[in-house]
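Structure, as structure tokens:
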Ligand SMILES: [Zn+2]
């Protein structure tokens with residue numbers, strides 16, 4: 001059952017001024033994230049080609065992950081197998097419909113992390129929107145996660161919000177992408193797409209490989225994007 005509260009919250013986020021400043025191309029992997037592409041995700045949500053739903057998502061390892069974008073039928077079947085009966089392709093899953101909520105008049109610090117994850121998942125959806133069933137794209141999972149982390153962190157550094165001090169684990173992909181986002185923030189301020197050279201994304205790549213278990217021969221794993 002699509003959740004309208006989550007859909008409108010995500011759309012507001014996609015239309016926010018800070019997200020308009022997220023425009024970059026990763027030399028490592030070649031993925032491009034721009035605010036124009038986020039508007040395509042926004043449009044797909046309006047057209048109900050992508051929906052939001054509430055579900056507890058469990059990864060293969062049994063470790064609970066908080067949110068997910070389901071890009072294709074294979075992934076939907078896998079998630080159904082983990083107990084989410086409603087999973088269909090082109091769906092964002094969040095743990096509850098207060099996810100990312102910012103109470104009026106306050107800046108509840110914990111929500112910066114939830115909003116960060118919403119931008120992260122929306123970035124995965126960009127690559128699905130850019131693909132089609134006739135021309136599916138298989139993108140490296142490492143590149144997909146690197147782009148999603150950097151997009152979310154670039155969004156964050158442009159919001160001016162403050163982060164809950166203990167929420168970031170040093171050395172993980174969120175922290176590494178945050179460091180990189182601060183570094184390239186000024187370059188990314190215009191609407192021009194900033195090229196982020198490979199030399200600047202080494203630490204982020206290592207952290208993603210570690211956090212998503214994409215090392216030790218798993219570097220070639222791809223995520224299938226088949227359009228919305
Ligand atoms: Zn991700």
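The values are calculated or read from the model by the stated rules, or taken from the named source; none is laboratory data. From a predicted model like this one, the values you see are computed outputs, not experimental measurements. Cβ sites come from the backbone with ideal geometry, for glycine too, and all protein chains shown count toward neighbours.
List of remarks:
- Tally of residues being modelled with pLDDT of 95 or more, part of a helix (DSSP H, G or I) and either under 20 Å from residue 208 (Cβ atoms) or away from the ligand (no atom under 16 Å from the Cβ) (or both) across the range 108-140: 11
- Filtered by the rule that a residue be in contact with a helix residue (DSSP H, G or I) (Cβ under 8 Å, 6 or more places away or on another chain) and closer than 17 Å to residue 1 by Cβ, the range 35-48 gives a lone residue, 45.
- Residue under evaluation residue 143, criteria (1) modelled with pLDDT of 95 or more; (2) in contact with a helix residue (DSSP H, G or I) (Cβ under 8 Å, 6 or more places away or on another chain); (3) farther than 19 Å from residue 11 by Cβ, criterion not met: (2)
- For the range 206-225, the criterion of a residue being touching a residue at least 24 places away in the same chain (Cβ under 8 Å), within 18 Å of residue 37 (Cβ to Cβ) and outside any helix (DSSP H, G or I) is satisfied by at least one position.
- Residue match in the range 189-199 (condition: away from the ligand (no atom under 16 Å from the Cβ), surrounded by fewer than 19 Cβ atoms within 10 Å (Cβ to Cβ) and assigned to a helix (DSSP H, G or I)): yes
- Residue 228 vs. criteria assigned to a loop (DSSP other than H, G, I, E, B) and on the phi < 0 side of the Ramachandran plot: yes
- Checking the stated criteria, residue 81 turns out not to satisfy the condition of being surrounded by fewer than 16 Cβ atoms within 10 Å (Cβ to Cβ), at pLDDT 95 or above and under 21 Å from residue 225 (Cα atoms).
- Of the set (1) at pLDDT 95 or above; (2) surrounded by fewer than 21 Cβ atoms within 10 Å (Cβ to Cβ); (3) within 13 Å of the ligand (Cβ to nearest atom), all apply to residue 47 but (3).
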